[in-house]
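Enquirer: First, the structure itself, so that you have it in front of you.
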Amino acid sequence: GEAAKSKALSMLLSGRWPGARLVDSRASIDPATQQAQLDVRLETGAPYVFGGLKITGLQRYPASIALRLAPMRPGQPYSQSALLDYQAALQNSPYFRNALVDADLRRAQGDVVPVDVQVSENPSQKLGFGVGVSSDTGQRVQADWRDLNFLGRAWRLSSSVKLQTREQSGNVQLAFPRTAQGFDDSIGLSQDRTDISGLVTRNTSLTAQRARTRGNIDTVLALQYQAESLVPQGAAASEVHALSLNTSWTRRDVNSVLYPSRGTLINLQLGGASRALLSSANFIRLYARGLGYVPLDRSNQLIFRAEAGAVLANGASGIPQNFLFRAGGANSVRGYAYQSLGLQQGGAIVGGRYLFTASAEYDHWFTRQWGGAVFYDAGNAADTWSALKPVRGYGVGVRWRSPVGLVSIDLAYGQAVHAYRLDFNAGLSF
């Protein structure tokens with residue numbers, strides 16, 4: 001009874017009636033039928049709408065930075081969830097260290113409630129260093145630098161250098177404050193070198209991007225020019241270039257970013273290039289990936305993952321490697337080396353035009369921090385759909401809910417190569 005009353009009241013409080021209160025309740029019990037009837041009388045009070053936003057704590061950055069993160073507008077119906085979403089958006093913004101959003105009903109003028117926003121700003125400049133290790137790309141050291149107020153206009157200038165055993169990269173990005181329509185625009189220049197499965201690639205790319213987040217949906221539209229050189233072991237080197245237009249749609253609906261146990265993540269991508277527009281080949285690229293978490297009870301869960309990709313073109317020649325597909329590794333088919341599944345070219349593995357992988361995993365948590373897993377993966381990459389023959393990997397693993405996210409260590413057997421491989425991964429890779 002108490003739970004039902006609280007639920008009914010909270011539904012009103014979180015909606016347009018923050019002044020709702022419980023007026024009366026009584027329970028009637030019928031001994032003959034052993035049934036109880038609960039009568040509850042609630043008073044909604046007056047409905048409210050949002051008023052203007054008053055922002056305090058700004059010194060370095062303009063008020064428009066905080067105003068354009070707000071999901072509510074003056075005159076819209078009051079909603080407690082909108083206040084919480086706004087506070088989360090401010091706290092997740094690179095400009096702010098902390099934020100508090102409050103709407104005090106005692107200051108309401110009629111049905112209009114003003115919104116008070118207190119922010120604590122991050123320093124405009126920051127230098128960071130990091131180290132790490134991955135079973136896919138090896139040991140890592142990196143350095144990052146950012147300026148959140150470049151040229152005094154709240155433009156975000158950032159640069160990063162990352163040195164890994166199999167991948168090295170450097171990039172510079174200039175990102176602009178969110179527009180009044182909610183768009184995040186940026187331009188970037190990057191240089192990457194990889195040495196994976198006998199294939200050495202060098203890629204230089206220039207990208208202009210527009211992104212938007214609405215609720216749990218992220219969309220990205222990007223125009224990118226890239227020039228790439230490929231040196232396969234035991235085969236002829238080549239150079240390709242592409243001016244491509246790409247779009248991405250992502251839906252995130254999980255109960256926790258650090259330790260997901262329920263929900264789904266879906267990503268869809270579409271892109272392409274034309275030889276008539278500064279590209280070595282005509283192609284259209286399609287890609288889809290899904291991840292699902294199914295809780296069985298407090299200690300057990302199932303995890304399902306699948307991805308599929310296709311590049312529509314007259315062969316893979318002239319298409320940059322990052323538009324093609326290779327499989328294998330901790331977030332692909334475990335039991336096989338990182339990107340070791342693809343097309344054989346000399347002594348190297350290069351990308352193919354088709355991809356499919358799938359995974360099923362069962363996790364059992366022995367304590368709140370430690371768990372175990374068994375899993376079964378399958379998939380491959382090939383240059384035609386008919387030639388795509390999935391290989392299998394399966395094994396057991398250890399799970400640790402670390403302070404910075406989920407850490408996974410897996411011992412997998414690659415059936416096609418008749419060998420065991422240790423894979424490990426930190427965080428949610430999607």
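Enquirer: Taking the stretch 386-421, which residues are loosely packed, with under 14 Cβ neighbours inside 10 Å, at pLDDT below 95 and not hydroxyl-bearing (S, T, Y)?
Expert: P403, V404
Enquirer: Hey, among the residues in the stretch 242-267 that are among the hydrophobic types (A, V, I, L, M, F, W, C) and under 17 Å from F304 (Cβ atoms), which one's surrounded by the fewest Cβ atoms within 10 Å (Cβ to Cβ)?
Expert: I266
Enquirer: Look through the stretch 297-336, keep the residues that are of a type in the set (A, V, I, L, M), over 30 Å from L278 (Cβ atoms) and surrounded by 19 or more Cβ atoms within 10 Å (Cβ to Cβ), and return whichever of them is modelled with the lowest pLDDT.
Expert: A330
Enquirer: List every residue pair whose Cβ atoms lie under 7 Å apart, where the two residues are 6 or more positions apart in sequence or sit on different chains, the first residue falls within the stretch 319-345 and is more than 15 Å from T194 (Cα to Cα) and assigned to a loop (DSSP other than H, G, I, E, B), and the second residue, located anywhere, is open to solvent by 30 Å² or more (accessible area, probe 1.4 Å) and of a type in the set (V, I, T).
Expert: Final answer for the pair search is Y336/V417.
Enquirer: Sticking with this one: Among the residues of the stretch 124-147, count how many are in contact (Cβ under 8 Å) with a residue 40 or more places away in the chain and over 22 Å from the mean Cα position of the chain (by Cα).
Expert: 1
Enquirer: Can I ask one more? Only residues in the stretch 90-106 that are over 15 Å from A63 (Cβ atoms) count as the first member; pair them with residues that are open to solvent by 80 Å² or more (accessible area, probe 1.4 Å), Cβ under 7 angstrom, at least 6 apart or cross-chain, and list the lot.
Expert: Pairs found: Q91/N98; L100/Q118.
Enquirer: Starting from the stretch 164-188, keep only residues that are in contact (Cβ under 8 Å) with a residue 24 or more places away in the chain and under 16 Å from N203 (Cα atoms), then list their pairs with residues that are outside any strand (DSSP E or B) and open to solvent by 40 Å² or more (accessible area, probe 1.4 Å) whose Cβ atoms are within a distance under 8 Å, requiring at least 6 positions of separation or different chains.
Expert: R166/Y338
Enquirer: Taking only the stretch 394-423 into account, find how many residues are over 20 Å from the mean Cα position of the chain (by Cα), assigned to a strand (DSSP E or B) and in contact (Cβ under 8 Å) with a residue 24 or more places away in the chain.
Expert: Of the residues in the stretch 394-423, 16 are over 20 Å from the mean Cα position of the chain (by Cα), assigned to a strand (DSSP E or B) and in contact (Cβ under 8 Å) with a residue 24 or more places away in the chain.
Enquirer: Okay, moving on. When residues of the stretch 59-80 are filtered for being open to solvent by 50 Å² or more (accessible area, probe 1.4 Å) and either within 21 Å of R156 (Cβ to Cβ) or of a type in the set (S, T, Y) (or both), how many remain?
Expert: Residues that pass the stated criteria total 5.
Enquirer: Working only within the stretch 228-237, note down all residues that are surrounded by 14 or more Cβ atoms within 10 Å (Cβ to Cβ) and either in contact (Cβ under 8 Å) with a residue 40 or more places away in the chain or under 22 Å from the mean Cα position of the chain (by Cα) (or both).
Expert: Listed by number, the residues that qualify are E228, L230, P232, Q233, A235.
Enquirer: May I pose another question? Is it true that some residue in the stretch 209-227 is aromatic (F, W, Y), more than 19 Å from the chain's Cα centre (by Cα), at pLDDT 95 or above and farther than 30 Å from Q369 by Cβ?
Expert: yes
Enquirer: Of all residues in the stretch 98-115, count the ones that are in a strand (DSSP E or B) and touching a helix residue (DSSP H, G or I) at 6+ places or on another chain (Cβ under 8 Å).
Expert: The number of residues fulfilling the criteria is 8.
Enquirer: With respect to T367, determine if the residue is outside any strand (DSSP E or B), touching a strand residue (DSSP E or B) at 6+ places or on another chain (Cβ under 7 Å), more than 20 Å from S134 (Cβ to Cβ) and not charged (D, E, K, R).
Expert: So T367 fails the test.
Enquirer: Would you mind finding the one in S120, S135, S93 that is within 30 Å of V161 (Cα to Cα), hydroxyl-bearing (S, T, Y) and exposed (fewer than 15 other Cβ atoms within 10 Å of the Cβ)?
Expert: S120
Enquirer: Any residue in the stretch 148-157 that is among the aliphatic types (A, V, I, L, M) and touching an Asp or Glu at 6+ places or on another chain (Cβ under 8 Å)?
Expert: Within the stretch 148-157, one or more residues are among the aliphatic types (A, V, I, L, M) and touching an Asp or Glu at 6+ places or on another chain (Cβ under 8 Å).
Enquirer: If I go through the stretch 175-219 residue by residue, how many of them are surrounded by fewer than 17 Cβ atoms within 10 Å (Cβ to Cβ), in contact with an Asp or Glu (Cβ under 9 Å, 6 or more places away or on another chain) and aliphatic (A, V, I, L, M)?
Expert: Residues flagged as surrounded by fewer than 17 Cβ atoms within 10 Å (Cβ to Cβ), in contact with an Asp or Glu (Cβ under 9 Å, 6 or more places away or on another chain) and aliphatic (A, V, I, L, M) within the stretch 175-219 amount to 1.
Enquirer: Looking only at the stretch 278-286, decide whether some residue is of a type outside the set (G, A, S), under 19 Å from the mean Cα position of the chain (by Cα) and crowded, with 16+ Cβ neighbours inside 10 Å.
Expert: Within the stretch 278-286, none of the residues are of a type outside the set (G, A, S), under 19 Å from the mean Cα position of the chain (by Cα) and crowded, with 16+ Cβ neighbours inside 10 Å.
Enquirer: To continue, here is another question. Could you tell me which residue of the stretch 44-80 is nearest to E121 (Cα to Cα), considering only residues that are in a loop (DSSP other than H, G, I, E, B) and among the small types (G, A, S)?
Expert: Of everything passing the filter in the stretch 44-80, G57 is nearest to E121 (Cα to Cα).
Enquirer: Please verify whether L83 is open to solvent by less than 70 Å² (accessible area, probe 1.4 Å) and in a helix (DSSP H, G or I), treating the condition exactly as stated.
Expert: yes
The values are calculated or read from the model by the stated rules, or taken from the named source; none is laboratory data. No experiment lies behind these values; they were computed from the predicted model shown. Virtual Cβ from ideal backbone geometry, glycine too; neighbours counted across all protein chains shown. Areas reflect the complete protein model, heavy atoms only, side chains present, ligands, DNA and RNA absent. Shrake-Rupley method; radii C 1.70, N 1.55, O 1.52, S 1.80 Å.
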